[in-house]
Each structure stands twice: as C-alpha cells, then as structure tokens.
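Read through the structure below, which is laid out as structure tokens, and then see the notes.
The values are calculated or read from the model by the stated rules, or taken from the named source; none is laboratory data. Keep in mind that what you see is a predicted model, and the values were worked out from it rather than measured. We place every Cβ from the backbone using ideal geometry, glycine too, and count neighbours over all the protein chains shown.
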Amino acid sequence: MINKIKMKKFLLSLSLMAMVLPFSSCGDDEPYAPVITNETIMAQNVISSTIIIESGAVNYIEKANYTFNIEYRDMREATIKVVANGVKFDSHMPFGVSFEMEEMKTNELNDYYVKFHSSKVKFLKPGTDEENTNYTLTDVNGYIDKANGVYSLEYTVNGKWHVIVCSSSISSRVEGNDYRAPSQLYYNYKINVATMKAEVFIYNVQFTVGGATSPVLKKISIPNLDVTATATGFELTGTDIVPTYYTGENLDQGTPYPALTVTNFKSTIDVTDAEHTIYFNAHGGEHSNTSSLYLWSWKAAQ
C-alpha cells in the first residue's frame, strides 16, 4: 500500500513537471528550453529602502520604493528590471521622480543570489518605452539575495548624484558563516529613515575592565542613536544611553541595563566597502570592532 502511494506521488510529480516545463527545442540555436519565472520584490514591504545621496558636499537619506523583477532562463542567465518610485536626487526637489531601469542581463547568479551590472541604462517613464531625457543613469550595480532579504543597488544620475540603495537592517559577517552565528560576536543595525534614529543589537559580547572580564552577554541593544548621512553610508552617534539586556529562550525579553550605560558611542557604516566600525565606553571599559558587513559591494568585489 505504501509503495502504491509513493508511486502515485511520483507519477503526480512527473505530471506536474510536464505541465510546468515548456517543450524542449530540437534546434541547435537553443539547446535548452527557457524556464522563465518572474519574482517581484517590493523592497519597501520587505525592508525599508534607504538611499544615500551625494550631491557635492551634501549627503542625505531618503526613503523610496524599489521593485526588482527577475526573469530567469535555465539558471544560465537572468534579466533584471528595476522600478523606482518617489526618488529625490536632491533635497531641494519638490517631489520624487519615478522611473524604470530597462532590463539588464546577468550571468552571475545561482540558487542564492543574483548580481547585475550595466554601464548605462535608459531613464524610462514607468510602464512606457518613453525615455525621460532629463536624466541619464550610468554605472548601475546591483545584488539581490532573496534568501536572507539582503539587497543593494547603486547608480549615478547625470554624472552628479551617486545613489546607494541598501537595507535598513544591516548585519555584520562572522567567521565561518554569513551572519547570525550562535556563539560569535556580531552586530545588527536597524536604521529608521523617518526619524533618523538607529538601534544596534550586539550578540555574544564581553567587556573587559582592568584585568576582569564580564560573562558573555548573549544579546544587548543600544537604542536612540542619531543617524547622519555620509558619502558612503551612515554615521551613528550617541552618549549616556541605557542599553537593553535580553534574556529568555529566544532572547526576546528585554530589560533596561543601567549598570552598562553607554557613552561616547560612534559607529560608521560604509555601504560601498561593506564594512563597519564601532566604538563606545561602558561599565568602566571600552568596546571596539571593525569588521565586514553582510552586504554585497560592487566596489569591494573588484
């Protein structure tokens, strides 16, 4: 009886595959039939899009909505289309512009991520083939990691504005893993573009005061940090901040920890180099770290 059930499931799977997969071509021009899927990622719905814009000496952060449409063909290549809504390239713009980056091909992809690059793309009005000649997009570089909800995009407008789009939740890398290690020190930054405030979560941290070392704190957070835009990312600062100490089976029970009050906090997040630095004083000691971020950076990959 069990074998019959397994056989029925196997035949059903074959039937479904026959329905889904297109017929293979017998010609030499296309030895593999295209298997096309479309996946639209509403970045704003997953994680808030953060744009860092450099215009001369002025840098600022703006929230916008980006949609990434990925069309796969046999996992040998993919075509990417990016639709942006409400993007301001300058703080003096009265309203944001919407545009499409025309379909860009890539051969750098696998089951986990897609990378794409284009030296120049047209600035198309959404849903049309009409080009907005007021703007020219160059040096478009992008990375999409759907499994972990990490993406980054950078491009230049009119040779003047350099735009970096990244997650508002940014984690550091750890040795032997990408992030979220059960026992290693790592960091997770949560940036709120609307309030220009941030909170950093620190996992598996110890503090040294003189010759004494504290027990490992599995999770603490430092909230209410001030966020400033830089040409390559963010700067976070703050002082006299009472952190939160987390306990519980899932480290979800937070309690204020005034004995560990944080002073002289400063952290830099460099999106283009995928690196961060952090420094602060607490409990009579200090904590500092420089490490890479779980962000793909076109510049860092060169």
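Of note:
- Just one of the listed residues (Thr228, Thr195) is of a type in the set (S, T, N, Q), outside the structural domain of Tyr135 (by TED's automatic domain parsing) and either in contact (Cβ under 8 Å) with a residue 12 or more places away in the chain or assigned to a strand (DSSP E or B) (or both), and it is Thr228.
- If only residues of the range 58-73 that are of a type in the set (Val, Ile, Thr) and either in contact (Cβ under 8 Å) with a residue 40 or more places away in the chain or not assigned by TED's automatic domain parsing to the domain that holds Pro126 (or both) are counted, the one that is nearest to Lys115 (Cα to Cα) is Ile70.
- Per the listing Ser288, Ser267, Ser292, the residue uniquely modelled with pLDDT of 95 or more and either small (Gly, Ala, Ser) or closer than 22 Å to Glu235 by Cα (or both) is Ser267.
- Residue satisfying all of: in the range 208-220; free of Cβ contacts under 8 Å to residues at least 40 places away in the same chain and surrounded by 18 or more Cβ atoms within 10 Å (Cβ to Cβ); farthest from Tyr60 (Cα to Cα) among these: Leu217
- Some residue of the range 269-289 being buried (at least 19 other Cβ atoms within 10 Å of the Cβ), over 24 Å from the mean Cα position of the chain (by Cα) and farther than 24 Å from Lys63 by Cα: yes
- Hits in the range 238-271 (condition: in a loop (DSSP other than H, G, I, E, B) and touching a residue at least 12 places away in the same chain (Cβ under 8 Å)): Thr239, Asp240, Val242, Pro243, Leu251, Tyr257, Thr261, Val271
- Looking across the range 161-178 at every residue that is under 24 Å from Phe68 (Cα atoms) and of a type outside the set (Gly, Ala, Ser), the one that is modelled with the lowest pLDDT is identified as Asp178.
- Scanning the range 115-125 for residues that are over 16 Å from His162 (Cβ atoms) and either without any contact (Cβ under 8 Å) to a residue 12 or more places away in the chain or touching a Gly at 6+ places or on another chain (Cβ under 8 Å) (or both) yields a total of 2.
- Wholly within the range 87-159, strands (runs of 3 or more DSSP E) carrying at least 1 residues that are crowded, with 18+ Cβ neighbours inside 10 Å, in the same structural domain as Ile70 (by TED's automatic domain parsing) and touching a helix residue (DSSP H, G or I) at 6+ places or on another chain (Cβ under 7 Å): 137-145, 150-157
- If you check Leu185, Leu124 for being more than 28 Å from Phe280 (Cα to Cα) and at pLDDT 85 or above, only one passes: Leu124.
- The residues of the range 80-110 that are farther than 17 Å from Glu154 by Cα and in contact (Cβ under 8 Å) with a residue 24 or more places away in the chain, listed by number, are Ser91, Gly96, Asn107, Leu109, Asn110.
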